[in-house]
Amino acid sequence: MAIERNIEHGKRTGFGSLSEGGLRMESFPMRLFRKGNKKFWNPEDIDFSQDAKDFAAMSPDEKRLTSILAAQFMAGEESVTQDLQPFTTAMAVEGRLADEAYLTQFTFEEAKHMQAFRLWFDAVGLGTDLHEFVEYSGAYTKIFTEELPKSLYALTTDPSPAAQIRASVTYNHVVEGCLALTGYFAWAKVCKSRNILPGMQQVVKYIGDDERRHMAWGTFTCRRHVAADDRNWDVVDERMQELLQPALQLIVGLFDAFGDNTPFGINIDEMTDYALDKVNRRLESIESARGCRVEEIDEDYSPMQLEDKFAAEDEAAVEQALTAVGS
């Protein structure tokens, strides 16, 4: 629910925290904010010394795949740190102080993720220019240097519900929900298949936990707009259809260079199936908001419960795969 006073930047007529009801601690974005405050971590506390040894012992193809994964994540985290800021302003325009507060935490966490990957690269001895690991992919360029900034910076002149949905689908549901989570699934297989890269395992655990809150906020944001106006469901569906193909191309292209000998036994079909499953189930969650009262959506914790369920499923799937390999 919006603050009645105007808290839009440069047009302030009052303060949301002074208004009746204050920050409404049980609203969904404030619950995410409070949860994030309890999960603070510092990238500089992670020990990457064993990672350096493990990386040095890899074959050239294993080093290349590992470097591509890490570089694409690091560049993506940098992109979002910059591109997410207009969404914060859009929340102020709409008078949603709790969402604005959560997005400040969200942006901070993205910058921290970028730092974590940079520290890992420095620790394993890759201090040279790394652009080759992202620029080979036309799909990566399309999503991260074209579609992501275009959809998010559109909010600076058009903070409408439709524009917010396009921005959220682009970032929360394609960049994070499809690409990043699929990448973390791949990381889990890389690391646990040989019990290597303990520092990266810790990074992935922390970042995955942060980004599940991010994705939950994106699902919530789309849900509240769909509940407010049923026509917004078409905006969700159309934007997803526009970006799904390049997203899948990016995932498949990650492994193209290795032919039938993808390092660490990663299966391309498994990765794409994983991505589509998560996309479809989040879309089902958004569609379920059609016909709901907006007031119900604002305190509905189901988007975070869905992400927690995904986390449990991922852990079980990785353990099952490793058991099958060892048997």
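Does the range 124-134 contain any residue that is at pLDDT below 95, open to solvent by 60 Å² or more (accessible area, probe 1.4 Å) and more than 23 Å from LEU250 (Cβ to Cβ)?
Yes: one or more hits.
Of these, LYS150, LYS189, which one is over 29 Å from ASN42 (Cα atoms) and either assigned to a helix (DSSP H, G or I) or touching a residue at least 24 places away in the same chain (Cβ under 8 Å) (or both)? Steps first, answer last, please.
Details: LYS189 fails: over 29 Å from ASN42 (Cα atoms).
The unique qualifying residue is LYS150.
In the range 186-207, which residues are touching a helix residue (DSSP H, G or I) at 6+ places or on another chain (Cβ under 7 Å), open to solvent by 10 Å² or more (accessible area, probe 1.4 Å) and under 21 Å from LEU306 (Cβ atoms)? Please lay out each step first, then the result.
Taking the range 186-207 and keeping what is touching a helix residue (DSSP H, G or I) at 6+ places or on another chain (Cβ under 7 Å), we get 186-193, 196-201, 203-204, 207.
Keeping just the survivors that are open to solvent by 10 Å² or more (accessible area, probe 1.4 Å) gives 188-189, 192-193, 196, 198, 201, 204.
Within the range 186-207, ALA188, VAL204 qualify.
For ASP51, indicate whether it is open to solvent by 80 Å² or more (accessible area, probe 1.4 Å), more than 19 Å from the chain's Cα centre (by Cα), within 27 Å of MET215 (Cβ to Cβ) and at pLDDT 95 or above. Step through it out loud before you land on a result.
Details: open to solvent by 80 Å² or more (accessible area, probe 1.4 Å): no; more than 19 Å from the chain's Cα centre (by Cα): yes; within 27 Å of MET215 (Cβ to Cβ): yes; at pLDDT 95 or above: yes.
So ASP51 fails the test.
What's the number of the only condition in (1) within 28 Å of the chain's Cα centre (by Cα); (2) polar (S, T, N, Q); (3) surrounded by fewer than 21 Cβ atoms within 10 Å (Cβ to Cβ) that THR66 fails to meet?
With (1) within 28 Å of the chain's Cα centre (by Cα); (2) polar (S, T, N, Q); (3) surrounded by fewer than 21 Cβ atoms within 10 Å (Cβ to Cβ) applied to THR66, the lone miss is (3).
Got a number for residues in the range 155-198 being at pLDDT 95 or above and under 14 Å from PHE73 (Cβ atoms)?
Summing the residues that are at pLDDT 95 or above and under 14 Å from PHE73 (Cβ atoms) in the range 155-198 gives 1.
Being open to solvent by 20 Å² or more (accessible area, probe 1.4 Å), of a type in the set (Gly, Ala, Ser) and closer than 20 Å to ALA180 by Cα is the filter here; which residues of the range 258-284 pass it?
Across the range 258-284, the qualifying residue is only GLY265.
For the range 95-123, give me each residue that is within 30 Å of LYS63 (Cβ to Cβ), crowded, with 18+ Cβ neighbours inside 10 Å and of a type in the set (Asp, Glu).
GLU109, GLU110
Going residue by residue through the range 30-45, is there one that turns out to be under 30 Å from ASN267 (Cβ atoms), open to solvent by less than 30 Å² (accessible area, probe 1.4 Å), touching a Phe, Trp or Tyr at 6+ places or on another chain (Cβ under 9 Å) and not in a loop (DSSP other than H, G, I, E, B)?
From the range 30-45, those under 30 Å from ASN267 (Cβ atoms) are none; that's our starting set.
No, because not a single residue in the range 30-45 is under 30 Å from ASN267 (Cβ atoms), open to solvent by less than 30 Å² (accessible area, probe 1.4 Å), touching a Phe, Trp or Tyr at 6+ places or on another chain (Cβ under 9 Å) and not in a loop (DSSP other than H, G, I, E, B).
Of everything in the range 9-62, what is touching a residue at least 24 places away in the same chain (Cβ under 8 Å) and among the charged types (D, E, K, R)? Give them in sequence order.
Once the filter is applied, which keeps residues that are touching a residue at least 24 places away in the same chain (Cβ under 8 Å) and among the charged types (D, E, K, R), the range 9-62 yields ARG24, GLU26, ARG31, LYS35, LYS39, GLU44, ASP47, ASP51, ASP54, ASP61, GLU62.
Exactly one condition in (1) touching a residue at least 60 places away in the same chain (Cβ under 8 Å); (2) in contact with a helix residue (DSSP H, G or I) (Cβ under 9 Å, 6 or more places away or on another chain) is false for ASP230; which is it?
The one condition ASP230 does not meet is (2).
Is there a residue being farther than 30 Å from PRO60 by Cα and not aliphatic (A, V, I, L, M) anywhere in the range 249-259?
Of all residues in the range 249-259, those farther than 30 Å from PRO60 by Cα come to none.
Checked the range 249-259: no residue is farther than 30 Å from PRO60 by Cα and not aliphatic (A, V, I, L, M).
The values are calculated or read from the model by the stated rules, or taken from the named source; none is laboratory data. Small disclaimer: the values here were computed from a predicted structure and weren't measured. So basically every Cβ, Gly included, is an ideal-geometry build from the backbone, and we count neighbours across all protein chains shown. The accessibility values were calculated without ligands, DNA or RNA, using every heavy atom of the protein model including side chains. Shrake-Rupley method; radii C 1.70, N 1.55, O 1.52, S 1.80 Å.
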